[in-house]
Amino acid sequence: MNVMKYLASRASKASARRPYHLLFCSLVFGLSHSLLVHAQDNPKGQIPARTELHSFQSLTISDAAFLKGEDAGTPVTVAGELRVAQGVGRMPVVVLVHGSSGIGSNTEVWARQFNEMGVSAFILDSFTGRGLTVVGPDQSQLGRLNLSLDAYRALEVLAKHPRVDPKRIVLMGFSRGGQATLYASENRFLKTWNRSGLDFAAYLPFYPDCHTAYQNDTDVADRPIRIFHGTADDYNPAPPCKAFVQRLRSAGRNVEMIEYAGAQHSFDSPLGPTTPTVSKNAQTVRNCRIKEEPVGRLINAVSGAPFTYADPCVERDPHVGYDPNAAQAAHRYVGEFLGVLFQAKKE
């Protein structure tokens, strides 16, 4: 459904909505052309006005070095595609971080939605420059925190771009990229690795792995965090994320978790199977408890030994599946959420 059509239909049902929906309805018709104004029934709005490829330096780094703040790793050149939305001046941007299979079909759909909203999209590619295409069957090929580091480096690129509004850059990721997005909000990591001089305006992780407890992990950025998960996900199950959300909320953080009943892992990937299908040989830590203890050392919390992907708790063959209803609901939620957020940041 067209975004503006959806907003119009929702306006008549305001009484049943949460406060942020009410706020959105009061703001939407006042938003500038650079944000949400686009022609109804005009797919040309999804076409970026300009597409740029940006390569930049990052590191391939071990989790231990990242956690200890040691700038020790192998230099690597990674890249991203910036799709500048139609409009003028400095515009908001969503940085999209892929999962274990690289850039997928869901990224394309999200980028089109954002461009239609008047929001640019920066599609980060953390694999090609490292000679990787997929790490699902062997997650040990790349430390779990490398994608967070790449996101910070992407923020450095965007900080210098004349068409980017530095106050309106959001980080959004999927699966492994969702994990990277979630933990990129940690103040400890931001202080050590984010050298852009900017902050992300919000963090939107989709079906992340929340099985790792880092030191002081409730000390996160003073920015909204919205986690999206399917209740049937057996790849990165939702309950550990719910527990983390409760800890964050107890610490007074601005965080919510949105769940979609019966939705599988990768529920927003339109080229995925519409029935639950085994992701053959993919590793899952769904039965693992991983803990940072002491600082810089990830251990299996059950055995007390250093965690590895050879641990007995690591299993294979989780399921994935596209859920059009959950996907549509997520697209609506994100569109509304960003409308309010970007307007507030602009004022």
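Each reported figure results from applying straightforward, stated rules to the coordinates on display, with no laboratory input. All values reported here derive from a predicted model rather than from experimental measurement. A quick note on method: Cβ atoms are made from the backbone with ideal geometry, for glycine too, and the neighbour counts reach across all protein chains shown.
From most to least packed by mean Cβ count within 10 Å, the peptides 246-254, 212-220 give 212-220, 246-254. Cα centroids of region 175-198 and region 313-347: 19 Å apart. Taking label points 7 Å from Cα along the Cα-to-Cβ direction, residue 277 and residue 299 give a separation of 4.2 nm. When every Cα-Cα distance of region 49-172 is counted in 5 angstrom steps from zero, the calculated P(r) takes the values 2, 11, 22, 22, 18, 13, 8, 3, 1 percent.
Taking other C-beta atoms within 10 Å as the exposure proxy, 332, 168 rank 332, 168 from fewest upward. Here the gap between residue 309 and residue 140, fully extended at 0.36 nm per residue and compared with their Cα-Cα distance, gives a gain of 60.2 nm. For a straight C-alpha distance cut-off of 22 angstrom, the lysines reachable from residue 44 (same-chain residues fewer than eight places away being disregarded) are 5. Of all aspartates and glutamates in the structure, the ones whose alpha carbon falls short of 19 Å from that of residue 191, not counting any fewer than 8 places away in one chain, are 63, 70, 71, 150, 156, 199, 217, 219, 222, 292.
Summary value for the chain: 16 percent relative contact order, contacts being C-alpha pairs under 8 angstrom separated by 6+ residues.
Phi-derived couplings, Karplus 6.51 cos²θ - 1.76 cosθ + 1.60 at θ = phi - 60°, listed residue by residue for region 67-75: 5, 7, x, 8, 6, 10, x, 9, x Hz, with x used for Gly and Pro. Scoring 96-106, 320-330 by mean Cβ neighbours within 10 Å over their residues and listing the highest first yields 96-106, 320-330. Considering the chain at the alpha-carbon level, its Rg and Dmax are found to be 19.3, 58 Å. For the pair region 237-254 / region 100-172, the C-alpha centres are spaced 24 Å from each other.
Rounded, prolate or oblate: which fits region 237-332 when a ≥ b ≥ c are the square roots of the eigenvalues of the alpha-carbon gyration tensor, with rounded for a/c under 1.5 and prolate only if a/b beats b/c? Because a/c hits 1.5 or more and a/b fails to exceed b/c, region 237-332 counts as oblate.
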